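For reference, the structure is listed below as structure tokens.
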Amino acid sequence: MEKEMVIVLDYGGQYNQLIARRVRECNVYCEVKPYNSPIEEIKKLSPKGIIITGGPNSVYAEDALLCDKELFTMGVPILGICYGSQLMAHMCGGKVATAPVSEYGHTEVTIDATDSELFAEVPASTSCWMSHTDYIAEAPAGFRVTAHTPVCPVAAMEDQSRKLYATQFHPEVVHTKDGQKMLFNFVRKICGCKGDWRMDSFVETSIQQLREKIGNGKVLCALSGGVDSSVAAVLLSKAVGKQLTCVFVDHGLLRKNEGDEVEAVFGPNGSYDLNFIRVNVQQRFYDKLAGVTDPERKRKIIGEEFIRVFEEEAKKIGAVDYLVQGTIYPDVVESGLDKSATIKSHHNVGGLPDCVDFKEIVEPLRMLFKDEVRRAGLELGIPDYLVFRQPFPGPGLGVRIVGEVTEEKVRIVQDADYIYREELAKAGCDKGLGQYFAALTNMRSVGVMGDFRTYDYAVALRAVNTTDFMTADCAEIPFEVLQKVMNRIINEVKGVNRVLYDLTSKPPGTIEFE
Ligand code: XMP
């Protein structure tokens, strides 16, 4: 794609994705590349600027992650952040040492060089976010110090003639008050990017490129109705129309009416030019899940069965040239980095179908963040309720029904969840919530309805605020709204006599119940 690009060289810092995010907020396209990307490869991309990220290392450690010296003589503007600033100092002949006083968190910073382009329109005294144990003890020859804090003599430095800039603090996090301004100054003023990265141009160029790549080829897409696969499918449909077949597996663990909603948009009476196959295999999944209570086994069964169904359908279609995946940028950046313990065998229902006969995978959203996928979806005219759908786990209601899954329990949780979502929307509390849903506990308890004793299930309501889904806090839903939901569920959903609100944060809880 012919576009201006800024490269983020990833040295393993925790905010690296955020840097890319912030650059794109300046309407400049940005990609994260590994720190050891060969210099030739970087040159080939003709970046307008390079940002070197933070990282956990020390430049003088034996196994320090360094870089090619040539990086600093390419003539491309470079911004080093935190470790990146120390790396710049180290490689250009300055001195890095263990700071006598480490800085973590909010720090007042004084901008000494108010004429610096990086700090244009930034007040001389502002607050920044620091997180470092090493510091630049001496700026390299040719650099001037442009900012300091009470304990950090070189909080920022630059060599205007070589277009090298560095900040010890993190401009990418919101706690650095003028951070976005500084990044804007870097990419738009110093790198001279025009800022023409927009969703409409992404959509247009993607369609064009997909058309060229696919030619007369046949394309297969597993459509889940979630935002990523929906946007991917629509892009493909706009590019190659009926050469695309979407297979939508209705495994009976979707939210109430969801299968019909997906069919209404993508099916024969819908808005797009594509072949749509809805596979109704609800009973097949319920049969497979009968008697199974272990959460991990349930996940595995659902994932594997999903793949089997998809393969069976694909076989009917015959060989295809391309298989579409709704992979998005955070998946790309995180894959391979995620060595943490398996809490749940998460995400991507069971991996790739290995028996589908295809030549190549196409991932049209590979370079987009979630909110960018949503914007592309709107650009493509996909209805709001699909575009802004909250995340829904691959195993669906299977992980929201504690214990054995039965058709009756699915009906209960679907109905309760529908009421909950409806009332939250009516009260206007749904906006901004990370995720909210009803789950069915495996607990039955005694109640009284009319003059009769009941022995029915307890529904649990959950609503969380989260930015990354790795941690989450229980959301404060107004009590009267919860009461209304409780009333309606008890009165309208047969088999429920108790409604509970889950106050647990994550950790120690997880967002889903299983
Ligand atoms: P937890 O429950 O681990 O959920 O706090 C974090 C996020 O991941 C989603 N989730 C899943 N997504 N397959 C998926 O595709 C799964 O098995 C799965 N389990 C949880 C969950 O909805 C939340 O957004």
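Along the Cα→Cβ direction, 7 angstrom out, place labels at Lys33 and Glu117. What is the inter-label distance in nm?
Between Lys33 and Glu117, the label points sit 2.1 nm apart.
Which whole-angstrom value gives the distance between the alpha carbon centres of segment 234-281 and segment 367-415?
Using only Cα atoms, the two centres lie 14 Å from each other.
If R0 is 25 Å, what FRET efficiency do you get for Gln483 and Lys506 from their C-beta distance, rounded to 0.05? Mind dumping the intermediate values first?
Values: r = 25 Å, r/R0 = 1.01.
About 0.50, to the nearest 0.05.
What distance in nm lies between label points placed 7 Å from Cα along the C-beta direction at Ala124 and Val332?
Using points 7 Å along Cα→Cβ, the separation is 4.4 nm.
Show me, for segment 299-307, the HN-Hα J-couplings you get by feeding each phi into the Karplus relation (A = 6.51, B = -1.76, C = 1.60, θ = phi - 60°), rounded to Hz, glycine and proline as x.
4, 5, 4, 4, x, 5, 5, 4, 4
Plugging the Kirkwood radius over Cα pairs into Stokes-Einstein for segment 212-274, at a temperature of 20 °C and a viscosity of 1.002 mPa s, what D comes out in µm²/s? Working shown, then result.
Values: Rh = 12.1 Å.
Stokes-Einstein gives a translational diffusion coefficient of 177 µm²/s.
Expressed as a rounded percentage, what relative contact order does segment 392-438 have, with Cα pairs under 8 Å and six or more residues apart?
On the way: 20 pairs, mean separation 14.8, N = 47.
Worked out over segment 392-438, it gives 32 percent.
Where the only charges are on Cβ atoms (+1 Lys, Arg; -1 Asp, Glu), what is the dipole of the chain about its Cα centre, to the nearest 20 debye? Write out the running numbers ahead of the final one.
Numbers: 58 positive and 72 negative charges, 113 e Å.
In debye, rounded to 20, the chain gives about 540.
Skipping prolines and chain starts, which residues have an amide H placed within reach, meaning under 5 Å, of the one on Val362, given they are 5 or more residues away or on another chain?
Excluding prolines and chain starts, which carry no amide H, the hits are Leu323, Val324, Gln325.
Want the number for Leu66 to Gln208: 0.36 nm per residue separation, take away the alpha-carbon distance, what's left? Before the final figure, lay out each step's value.
Details: separation 142, 0.36 × 142 = 51.12 nm, distance 3.90 nm.
My answer for the length gained is 47.2 nm.
For the pair Lys95 and Ile277, how long in nm is the line joining their label points, each one 7 Å along Cα→Cβ?
Using points 7 Å along Cα→Cβ, the separation is 7.0 nm.
What percent antiparallel are the DSSP beta bridges of segment 1-127, to the nearest 5? Mind dumping the intermediate values first?
Details: 3 of 16 bridges.
The antiparallel fraction comes to roughly 20 percent.
Name the residues whose placed amide hydrogens come within less than 5 Å of the amide hydrogen of Tyr501, ignoring near sequence neighbours (fewer than 5 apart) on the same chain.
Leu461
With runs of 4+ DSSP H residues as the only contributors, calculate the mean residue ellipticity of the chain at 222 nm using -39,500 (n - 2.57) per run, divided by the residue total and rounded to the nearest 500. Can you show the working numbers first?
Details: 14 runs with 155 residues, N = 514.
Computed ellipticity for the chain at 222 nm equals -9000 deg cm²/dmol.
Using modelled amide H (1.01 Å from N, peptide plane; none on Pro or chain starts), what sits under 5 Å from the amide H of Val279, excluding residues fewer than 5 places away?
Those qualifying (amide H under 5 Å, at least 5 residues apart or on another chain) are Phe248, Val249, Asp250.
If you average over every viewing direction, what projected area does the convex hull of the Cα atoms of the chain give, in nm²? All intermediate terms of the calculation are to be shown ahead of the outcome.
Details: hull surface 107.5 nm².
Averaged projected area of the chain's Cα convex hull equals 26.9 nm².
Would segment 136-222 count as rounded, prolate or oblate if I go by the C-alpha gyration tensor, calling it rounded below 1.5 in a/c and otherwise prolate when a/b exceeds b/c, oblate otherwise? Provide the component values of the computation, followed by the final result.
Numbers: a/c = 3.38, a/b = 2.77, b/c = 1.22.
Prolate, since a/c reaches 1.5 and a/b exceeds b/c.
If one takes the longest principal axis of the Cα atoms in the chain, at what angle in degrees, from 0 to 90 and to the nearest 10, does the Cα axis of helix 199-214 lie?
Result, in degrees: 70.
For Lys163, go through the aspartates and glutamates and keep the ones whose alpha-carbon is under 13 Å away, minus same-chain ones fewer than eight residues off.
Within the straight-line limit of under 13 Å, Lys163 reaches these aspartates and glutamates: Glu117.
Would you report the distance distribution of C-alpha pairs in segment 182-256 as whole percents per 10 angstrom bin, up to the bin with the largest distance?
Going from the shortest bin to the longest, the percentages are 17, 33, 22, 19, 9, 1.
Tell me whether segment 101-178 comes out rounded, prolate or oblate; compute the Cα gyration tensor, take square roots of the eigenvalues as a ≥ b ≥ c, and use a/c under 1.5 as the rounded threshold.
Working: a/c = 1.82, a/b = 1.20, b/c = 1.51.
Oblate, since a/c reaches 1.5 and b/c is not below a/b.
Calculate the radius of gyration of the Cα atoms of segment 435-496 to one decimal place, then report Dmax, the largest Cα-Cα distance, as a whole number, both in Å.
When restricted to Cα atoms, segment 435-496 yields Rg and Dmax of 14.2, 47 Å.
Project the alpha carbons of segment 389-514 onto their principal axes and report the range along each, largest first, in whole Å.
Computed over segment 389-514, the largest-to-smallest principal extents equal 46, 32, 25 Å.
With the calculation restricted to Cα positions, what are the radius of gyration and Dmax of segment 28-92 in angstrom?
For segment 28-92, the Cα-based Rg and Dmax read 11.5, 36 Å.
In segment 368-435, which trypsin sites (Lys or Arg not before Pro) fall in coil by DSSP and have 15 or fewer other Cβ atoms within 10 Å? Walk me through the numbers on the way to the answer.
Working: sites: Lys370, Arg374, Arg375, Arg389, Arg400, Lys409, Arg411, Arg421, Lys426, Lys431; in loops: Arg389, Arg400, Lys431.
Within segment 368-435, the qualifying trypsin sites (Lys or Arg not before Pro) (loop, at most 15 other Cβ atoms within 10 Å) are Lys431.
Helix 16-25 sits at what angle to the longest principal axis of the chain, using alpha carbons and giving 0 to 90 degrees rounded to 10?
Value to nearest ten degrees: 90.
Return P(r) of segment 398-440 (all Cα-Cα pairs; 10 Å bins starting at 0; whole %; ordered from short to long distances).
29, 45, 23, 3
For the chain, take the longest principal axis of its alpha carbons; what is the angle in degrees between that and the long axis of helix 407-426, to the nearest 10 within 0 to 90?
Compared with the principal axis, the helix lies near 50 degrees.
When a/c reaches 1.5 or more, the comparison of a/b and b/c decides; with that in mind, is segment 137-291 rounded, prolate or oblate per its Cα gyration tensor?
On the way: a/c = 4.14, a/b = 2.26, b/c = 1.84.
Since a/c reaches 1.5 and a/b is larger than b/c, the shape of segment 137-291 is classed as prolate.
Readers should treat all values here as calculations from the given coordinates under stated rules, not as data from a laboratory. Please read these numbers as outputs of a predicted model, since none were measured by experiment. For neighbour counting, all protein chains shown are included, and Cβ atoms are generated from backbone atoms with ideal geometry for every residue, glycine included.
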